[in-house]
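S.K.: Okay, handing you the structure first.
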Amino acid sequence: MTRRVGLLLFDEVEVLDAGGPFEVFSVANRVAARRGAAAPFEVVTIGVTGATPVRARGGLRMVPDVGLGDAPACDVVLVPGGVVDEVEAMPDVLSWLRRARGHAEVVASVCTGGFVLAAAGLLDHRPVTTHWEDVADLRRRWPDLDVRDDVRFLDHGDLATSGGISAGLDLSLHLVGRLTSPDLAVATARQMDYLQAPAFGDR
């Protein structure tokens with residue numbers, strides 16, 4: 001089974017919050033191909049204002065595959081972090097996330113992407129996390145959330161959140177292991193020369 005991963009892109013997205021998970025899923029495909037298996041993932045980048053270039057933090061230009069209006073149904077939806085003030089105030093983005101929540105196997109965030117999920121009303125009573133620098137702000141703005149600052153990521157099956165950058169890599173490798181096999185996740189991490197061993201379970 002090939003799962004479609006929808007990766008949201010927007011101006012001021014954190015480069016590795018988006019590029020890290022993209023690399024994990026694409027490398028998992030390469031490792032699987034070497035083993036004679038079908039690609040377990042198809043990554044689609046989705047622009048919040050159409051398929052026009054976005055400028056990530058630091059100035060890197062990224063071109064989404066499609067815009068929200070043309071986005072296909074996704075099995076995994078991932079919202080990276082960065083400067084998300086504008087994104088979390090976009091009705092089209094929040095509506096798309098709510099619709100995606102109805103059919104996606106898992107909706108996930110990296111870093112401040114959790115603020116976008118909170119703005120869409122997708123976070124509930126279950127514990128969540130974000131970048132350590134933003135924990136207090138997430139608690140202040142959504143006081144009903146159970147925000148944890150002692151974990152790198154949390155996976156509740158249909159909902160997952162992580163801290164920043166390297167924690168997003170950890171979560172992505174964890175999802176590879178959960179959705180395919182732990183062996184493929186370990187082989188993917190090894191191919192990437194990533195020393196953080198994948199862990200399978202909430203962390």
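S.K.: Could you grab me the full set of residues in segment 138-170 that are touching a residue at least 60 places away in the same chain (Cβ under 8 Å) and either loosely packed, with under 13 Cβ neighbours inside 10 Å or on the phi > 0 side of the Ramachandran plot (or both)?
M.R.: 165
S.K.: Say whether the condition of being under 23 Å from residue 100 (Cβ atoms), in a loop (DSSP other than H, G, I, E, B) and touching a Pro at 6+ places or on another chain (Cβ under 9 Å) is met by at least one residue in segment 158-173.
M.R.: Checked segment 158-173: no residue is under 23 Å from residue 100 (Cβ atoms), in a loop (DSSP other than H, G, I, E, B) and touching a Pro at 6+ places or on another chain (Cβ under 9 Å).
S.K.: Considering every residue within segment 123-137, establish whether at least one is of a type in the set (Asp, Glu), surrounded by 14 or more Cβ atoms within 10 Å (Cβ to Cβ) and not in a strand (DSSP E or B).
M.R.: The answer is yes; a qualifying residue exists.
Where a number appears in this text, it was derived from the coordinates with a stated rule and is not lab data. Note that the structure is a prediction, hence the values are computed from the model and not measured. Because the Cβ atoms are built from the backbone with ideal geometry, glycine has one as well, and the counts that use them run over all protein chains shown.
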